[in-house]
Amino acid sequence: MAGRVVDLDSWGRTDQFRFFRGYQKPHFAITARVDVTHLMGRRRKAGVSPCRACLYAIGTGIRAVPELCLRFRGDVVTGCDRIDLSMTVPLPDGNFRHAYVPFHPHFATFDAEAARLIAEVPADGRLNANTAEREDLACLSCMPWLDYTSINNALPHPDDCIPRVNWEKIVEWPVGHCSMAMTLEVHHALVDGRQVGAFFAAAEQALGAI
């Protein structure tokens, strides 16, 4: 895992890291409504894909918050140099596979690469899920069938520290606006509520700038 090893003797949240590492359930998930009024207007005018726009916004939010780029193995904490996006890709038969898209800060570049890589996912291939080979990822999943209020994810073990992001169908609410629920699930040894708030602020700002 390429990146900078964090010095626990000088790190500002070493106490929190060691405290929450001992929890049986050290993860927490926060769901917030995200305004996508601008995005839906752009979709109608310029054919922007809401799904890929959300992927881009999530990648922007992850990269804007250093704590979301931290990973640990044992007592070694590392700040990843890059975070790729691992997302589920739905198939016509109702099943899904996984795709992996590198994040790029320029939307047009990211959008083109994401469209290509998602289209190349074979329907008859293997699941292609990450099974602990990589930690320099954020795991993403869209649930466009539901207007949900909260969600959490299946996690393999208490030390899994890869952020999970879910988002739902876009609805017209409040009146005259479009919004959707988005959920960020994180490991409390690395991330607090303040950083989750910063993620949502950066993601919503990115959606408004596309």
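Each reported figure results from applying straightforward, stated rules to the coordinates on display, with no laboratory input. Everything quoted here is computed from the prediction, not taken from an experiment. Positions of Cβ are backbone-derived with ideal geometry, glycine not excepted, and every protein chain shown enters the neighbour counts.
Which ones in segment 36-92 are assigned to a helix (DSSP H, G or I), over 16 Å from the mean Cα position of the chain (by Cα) and farther than 26 Å from Glu120 by Cβ?
Thr37, His38, Met40, Gly41, Arg44, Lys45 - these are the residues of segment 36-92 that are assigned to a helix (DSSP H, G or I), over 16 Å from the mean Cα position of the chain (by Cα) and farther than 26 Å from Glu120 by Cβ.
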Matching residues, segment 20-63, being among the charged types (D, E, K, R) and under 17 Å from Val191 (Cβ atoms): Arg21, Lys25, Arg63
Just wondering, is there one or more residues in segment 124-142 that are exposed (fewer than 14 other Cβ atoms within 10 Å of the Cβ), closer than 28 Å to Arg43 by Cβ and charged (D, E, K, R)? no
What is the residue count in segment 57-85 for residues that are of a type in the set (S, T, N, Q) and either touching a Lys or Arg at 6+ places or on another chain (Cβ under 7 Å) or surrounded by fewer than 21 Cβ atoms within 10 Å (Cβ to Cβ) (or both)? 1
Pairs, please: C-beta under 9 Å, at least 6 apart or cross-chain, first residue without any contact (Cβ under 8 Å) to a residue 40 or more places away in the chain and in segment 12-31, second assigned to a strand (DSSP E or B) and crowded, with 16+ Cβ neighbours inside 10 Å? Thr14/Val77
